[in-house]
Structures are given as structure tokens and as C-alpha cells.
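The values are calculated or read from the model by the stated rules, or taken from the named source; none is laboratory data. Predicted model, so just to flag it, every value in this text is computed and none were measured. Note that each Cβ is placed from the backbone with ideal geometry, even for glycine, and that neighbours are counted across all protein chains shown.
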Amino acid sequence: MVSKPSSAASTRTISVLALVAAVLVGAFLAPVVYDAAAPTPDRVAVISVDGTITSYTADQLEEDLHEARENESVKAVVLQVDSPGGSAAASERMYMAVNRTAQEMPVVSSVQGAGASGAYYTMLPSESIYVTPSSVVGSVGVRGSAPIGGSSNEIRTGPDKASMTVDQREAQIETLKHAFVGSVMEHRGDDLSLSREEVAYAKVYTGARATQNGYADDIGTLQTAIDRAASEAGLENYEVVEKEPPTRSGIILLSSQRGNSTVVIDQSPIGYDGVRAPQFLMVYGQVQYEDEVIGNVSA
């Protein structure tokens, strides 16, 4: 006669099996639960300012810096700069975006090649500016094309619809220059060995010279800038996240001829071809090292 297992024995067997299953499932899920519960590490965001500055460049930098400010894990920003400058209006937008960010977290700049004119303007609110010995910075000034023709050659709908005169164009450029020079003196004045007038000469200096005259703080790599930003934010353990430079679309050409500051849009989004519009540009001219001009690097 075969005896049947008691109900108590069956219950114990089921309980043991359930316990074993629970242990196995727990061991499998534990890493997932742990990762989900782990706090987000502090981060230093590296954001690129690359190439000639246009309104598109400003759009991208404003967006990148906004994301950094909104992301609670980002505690500091490093600007990775390699730009000769460009549009004055776009450069001012970028300056204001960096200035706003610098009021909320440390911002440090690292010049990889060029950080001149509008790009230098963009970096001014940084806590520190690091350069390489051969990089170029400076060119604190604005240039623009002179008006072509005159009001006598125009048919206009009102007395104030006429094109600018040469004097009016010069006054506008002078106003932009004062704003640029004033920002340099505000942010870098205590470190500069140059007078306001010398700054307004708009010379461009190599990185080695820039650390001597106060345009930059020190020689250093991108990693040096990252370490400084982390230190300013009080971080010991952190991750570095890099924002890739934006991919440009469309055809936008900036004239590189001296004295010509016209943007030509060969393919207009609204159907007009060959649209020409005068622009004020912040792009660099000559490199000054010690007392010698070492080369013409006109953008």
C-alpha cells in the first residue's frame, strides 16, 4: 500500500520551492533595481563653439546652454572653442547666453585653435580661459561694409526709409565697438596689462602672449579646463558629457575679403536667390606677438 504525502508535507515542499524561486528572481533583478535606484552622478558638460559664428551657431549654443541649466546633474560647463568669430548680432546672443549660465554654475573656456573676435566676446563671462601656446585670441572690434550708392539713387516710400549714410554706418559700428570693449574691461579689466585704448586696437594675440597680457588665464588643455570647472563646482567624483558640434545645413557664405562684410544667401528659404544683406562682423585680422606681426590670418 502506497502512502500519500500529507497535506502539511506538500505545503512545506511548495513553500521551499517558492522561496528558492524568489531568491533566484531576486538575484536576477537586483542589479536592475539597484541601477534604477542609483543617484544620477554629477556632470561637467563640454559644449563646442566651432567655426564661423552665424545665427545658427547662436541658436545651437543657446539651446545647449539651456539644456545644461535645466539638467540638475550638470554642475559646470566647459566651452570648447575653435572659432574666428563672425556675426556681431549672433556673437552678442551667445555672450548673453554664456553670461546667464555663468550666473548659475561655473563656466570655463578652452581655446583649441582660435577664440577671436565674436568667439572671444562669447567667452568673456567664463571663470577662466585656457589656451594653447599657438592658439589665437583677441581682436576686440567690429567691421562692416560702407553703404553702396546714395539716397539720391533710391526711390523710397518715406523720408526715413533711405539707406544709411557713411556717417550713420560708422556710428553704428562705433556703438558696437564700445559695447565689445566695455564687456572686455568689465570681465577682464583686473587681469589686463593693456589700456582700454590698446584693447580697442583689435589686435589678435597668440595664446602664449595672451596669458601675459591678461586676455587669457593660463596655458592648458581641454582636460585642464574640465578639471578647473569641476573644482569650481566643488566636484570630486563626476562624469564628463560632451555635446557634439551641430551639423550645418544650407548654404551661407561669409565674405573673407577685407572691407567687404556682406552675407550672401545663395538659396533663400523663401524663394529669393542671391539675397545680399549688409552685416556687422566680429572676425579677426592680424596676429600680434610681442612687438611683431607674425602673419596675416584674415578670416
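Go through region 199-238 residue by residue and tally those that are of a type in the set (D, E, K, R) and in contact with a helix residue (DSSP H, G or I) (Cβ under 9 Å, 6 or more places away or on another chain). Break it down stepwise before answering.
The first filter runs over region 199-238 and keeps only residues of a type in the set (D, E, K, R), leaving 203, 209, 217-218, 227-228, 232, 236.
Then keep just the ones that are in contact with a helix residue (DSSP H, G or I) (Cβ under 9 Å, 6 or more places away or on another chain); that gives 217-218, 236.
Number of matching residues: 3.
Checked against the criterion of being among the hydrophobic types (A, V, I, L, M, F, W, C), surrounded by 12 or more Cβ atoms within 10 Å (Cβ to Cβ) and modelled with pLDDT of 85 or more, the candidates 240, 264, 293, 287 yield just one match: 240.
Residue-wise test of (1) in a strand (DSSP E or B); (2) among the aliphatic types (A, V, I, L, M).
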residue: 56; (1), (2): no, no
residue: 62; (1), (2): no, no
residue: 65; (1), (2): no, yes
residue: 75; (1), (2): yes, no
residue: 80; (1), (2): yes, no
residue: 86; (1), (2): yes, no
residue: 90; (1), (2): no, yes
residue: 99; (1), (2): no, no
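With the requirement that a residue be farther than 23 Å from residue 87 by Cβ, over 25 Å from the mean Cα position of the chain (by Cα) and not polar (S, T, N, Q), what does region 168-218 give you? Matches in region 168-218: 194, 196, 197, 198. The lone criterion from (1) without any contact (Cβ under 8 Å) to a residue 40 or more places away in the chain; (2) in contact with an Asp or Glu (Cβ under 8 Å, 6 or more places away or on another chain) left unmet by residue 68 is number (2). Screening residue 103 with (1) in contact (Cβ under 8 Å) with a residue 24 or more places away in the chain; (2) over 15 Å from residue 222 (Cβ atoms) gives one miss only, at (1). For region 46-65, the candidate set comprises residues that are closer than 14 Å to residue 242 by Cβ and of a type in the set (A, V, I, L, M); within that set, the residue that is surrounded by the fewest Cβ atoms within 10 Å (Cβ to Cβ) is 46.
Take the conditions (1) under 30 Å from residue 72 (Cβ atoms); (2) touching a residue at least 24 places away in the same chain (Cβ under 8 Å); residue 223 misses just one of them, which is (2).
Looking at this structure, is residue 64 under 12 Å from the mean Cα position of the chain (by Cα), modelled with pLDDT of 95 or more and closer than 22 Å to residue 106 by Cβ? For residue 64, the condition - under 12 Å from the mean Cα position of the chain (by Cα), modelled with pLDDT of 95 or more and closer than 22 Å to residue 106 by Cβ - is met. Figure legend. Inter-residue proximity from region 43-58: first residues under 20 Å from residue 137 (Cβ atoms), second residues among the charged types (D, E, K, R) and in a loop (DSSP other than H, G, I, E, B), beta-carbon distance below 8 Å, spacing 6+ or different chains. Indicated pairs: 48/244; 51/248.
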